1. Can you name the residue in the stretch 160-218 that is touching a Ser or Thr at 6+ places or on another chain (Cβ under 9 Å) and of a type in the set (D, E, K, R) and is also farthest from ARG346 (Cα to Cα) among such residues?
2. Considering the stretch 93-127 alone, what residues qualify as being in a loop (DSSP other than H, G, I, E, B) and either within 17 Å of ALA47 (Cβ to Cβ) or touching a residue at least 40 places away in the same chain (Cβ under 8 Å) (or both)?
3. So ALA130 passes all but one of these: (1) surrounded by 14 or more Cβ atoms within 10 Å (Cβ to Cβ); (2) of a type in the set (Gly, Ala, Ser); (3) in contact (Cβ under 8 Å) with a residue 40 or more places away in the chain. Which condition number does it fail?
4. Can you find a residue that is in the same structural domain as GLN267 (by TED's automatic domain parsing), part of a strand (DSSP E or B) and under 21 Å from ASP121 (Cα atoms) anywhere in the stretch 189-202?
5. May I ask you to list pairs of residues, at least six apart or on different chains, whose Cβ atoms are under 9 Å apart, with the first in the stretch 70-92 being over 12 Å from PRO29 (Cβ atoms) and free of Cβ contacts under 8 Å to residues at least 60 places away in the same chain and the second being in a helix (DSSP H, G or I) and of a type in the set (Phe, Trp, Tyr)?
6. Condition first: touching a strand residue (DSSP E or B) at 6+ places or on another chain (Cβ under 9 Å), part of a loop (DSSP other than H, G, I, E, B) and at pLDDT 95 or above. Can you find one or more residues in the stretch 262-280 that meet it?
Amino acid sequence: MGPLLHPPVVYWPDRRLLVRWEEAVAGAPAGFTSTFLREEWEQVVQAQGCTSFEDYRGASRRGRGQAIRRSDRRQLWPVYQRYRDLLDRDGLRERQDALWDAARLLETPLVPPPYRAAVVDEAQDMSTVAFRLIRALIPAGEDDLFIVGDGHQRIYRRKVVLSQAGIQIVGRSRKLRVNYRTPEEIRRAAVGVLEGCAIDDLDGGVDDAKGYVSLLRGGAPILLKVASFAEEADALAAFAQEGDLSRTCLVCRSGRLLDAYEAALSQRGIETLRLSRDQGDDRSRPGLRLATMHRVKGLEFDRVMIAGLYDWQSTVEHIASETDDAAIRAAGEVGERALLYVALTRARREVMVSWSGEGRRLVE
């Protein structure tokens, strides 16, 4: 199968993909759920660029909780081949396959590498194939790649092993242990959120927070449990008015939850500014910043409010209900904890964490 000529890249779960996926899995062998099949496709077949049964037969399934036999792989492969055939027929590409197409094209001797060096940030959220593409873009040499990443901030389930992408970091990596932005008290609380979670070092090893400190001192996170949503909104409004609204951000797990707090705060006279995916934070504009945990990544504020934390546990339970794979469930919870870690570490001075109802307490 060769790459298509400029195929549109379609993102799951776009309906065009769903229709073709359902047609392909209709011929799947008994004993495998649609959820398992999709996870196997994304985390094994696509992740390792399998284009034939021979590729799939030899592919690593590390991190997959449900073991399968070689005979199972033989029965499953026609499902994945059928799905790819349907996408090819209709001129569609999923994102991961499009990245593989680009990497393979650049790896041919007919296409000279276009760049000599690159700086890569947020490496923990990039897939192995993304780094394979970067390696194809940048020929190996002295000072060829400068890569920065932190597995503690991985908010997508894309665990990368750089050596598998042709990028060798053994003896060339350094660990940054000093935090210049977040007060030690908040840093300690954020690290505690991920306590007991296995965090990788982006190359197949295990990372830890030993020796990680902040040079700043401040107050510990304010933890506020209230009886009702209205009481929580009152407390958030009062906290917001104690500082500069344009340097304060209210963070929630989901856009739906953010909508509710936005309406409640507007009713209490708080001017707000919603930070969308394609909108930067223009500090000249007034208003309390509002952002989801995903959107707030990469930003920083003097003061951060993390509201509706009870919703975190319901999200984890929803993830658990969608998969039969214990390893996927565990990875989902680690990802949710990483989101909370990211939200906490956006604060330069103060953090308030609030929830109503019987939420699971994560921040100490």
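The values are calculated or read from the model by the stated rules, or taken from the named source; none is laboratory data. Predicted model, so just to flag it, every value in this text is computed and none were measured. We place every Cβ from the backbone using ideal geometry, glycine too, and count neighbours over all the protein chains shown.
1. My answer is ASP203.
2. Looking only at the stretch 93-127, we keep the residues that are in a loop (DSSP other than H, G, I, E, B), and these are 107-117, 121-122, 126-127.
Passing the criteria: GLU122, MET126, SER127.
3. Unmet condition: (3).
4. Residues of the stretch 189-202 in the same structural domain as GLN267 (by TED's automatic domain parsing): 189-202.
The next check asks that each one be part of a strand (DSSP E or B); those that pass are 199-200.
Next, only the ones that are under 21 Å from ASP121 (Cα atoms) stay: 199-200.
Yes: one or more hits.
5. Qualifying pairs under 9 Å: TYR80/TRP41; TYR80/TYR56; GLN81/PHE53.
6. Among the residues of the stretch 262-280, at least one is touching a strand residue (DSSP E or B) at 6+ places or on another chain (Cβ under 9 Å), part of a loop (DSSP other than H, G, I, E, B) and at pLDDT 95 or above, which makes the answer yes.
Conditions tested, residue by residue: (1) touching a Gly at 6+ places or on another chain (Cβ under 8 Å); (2) among the hydrophobic types (A, V, I, L, M, F, W, C); (3) not in a strand (DSSP E or B).
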position	(1), (2), (3)
GLY218	no, no, yes
ALA235	no, yes, yes
ALA238	no, yes, yes
CYS249	no, yes, no
LEU258	no, yes, yes
SER284	no, no, yes
GLY298	no, no, yes
